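To keep things clear, I will list the structure first and then write my remarks on it.
The values are calculated or read from the model by the stated rules, or taken from the named source; none is laboratory data. This is a predicted model, so every value here is computed, not measured. Just the protein is used for accessible areas: all its heavy atoms, side chains included, with ligands, DNA and RNA removed. Shrake-Rupley method; radii C 1.70, N 1.55, O 1.52, S 1.80 Å.
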Amino acid sequence: MRTTGDPDEAWYDEDAGPVARPYTVTRGRLTSDHGRLDLISLVVARRAAPASAQLFPEQARIIERCHRPLSVAEVAAELGLPLGSVRVLLGDLLAAGLIETHEPPTLSGVPSRALLEALLDGLRTL
């Protein structure tokens, strides 16, 4: 982007597309009614969103990407949104019955070593 010094000049480049703050996507909400989703909770789309569903583009992208299980952290990374915003979007999709979540297997509340290693490998590939 070339700058001319004009104070009315756009502050983003043409490739950035529309810019919206994360809180606009969640309608100002900071939490979901479906509790707190762990970073390693797995998200899977149950079915394609019906044409009548009024979803944010980010929610439609979640459904598209979650045909295979993705962790909450992976969803946030792929969307490029803050984790808190993604948790609210996922809560809305849970309420609509469009996704389901699965908690990873744990031993007395602590994730297994194999699970942590798999998560670390996944984070390294990001």
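What percent do you get for the relative contact order of the stretch 40-80 when only Cα pairs under 8 Å and 6+ apart count?
Details: 34 pairs, mean separation 23.3, N = 41.
Result for the stretch 40-80 is 57 percent.
Carbon and sulfur atoms: what percent of the 1.4 Å accessible area of the stretch 50-126 do they account for?
58 percent
The length gained by stretching the chain between Glu64 and Arg113 to full extension, at 0.36 nm per residue less their Cα-Cα distance, is 14.6 nm. In a solvent-free Debye calculation with one equal scatterer on each Cα, what is log10 I(q)/I(0) for the stretch 37-115 at q = 0.11 Å⁻¹, listed in the order of the q values? Debye output, listed in q order: -0.28.
Applied to the stretch 38-50, the Karplus parametrisation 6.51 cos²θ - 1.76 cosθ + 1.60 on θ = phi - 60° returns per-residue 3J(HN,Hα) values of 5, 4, 9, 5, 8, 10, 9, 6, 7, 6, 5, 5, x Hz, with x for Gly and Pro.
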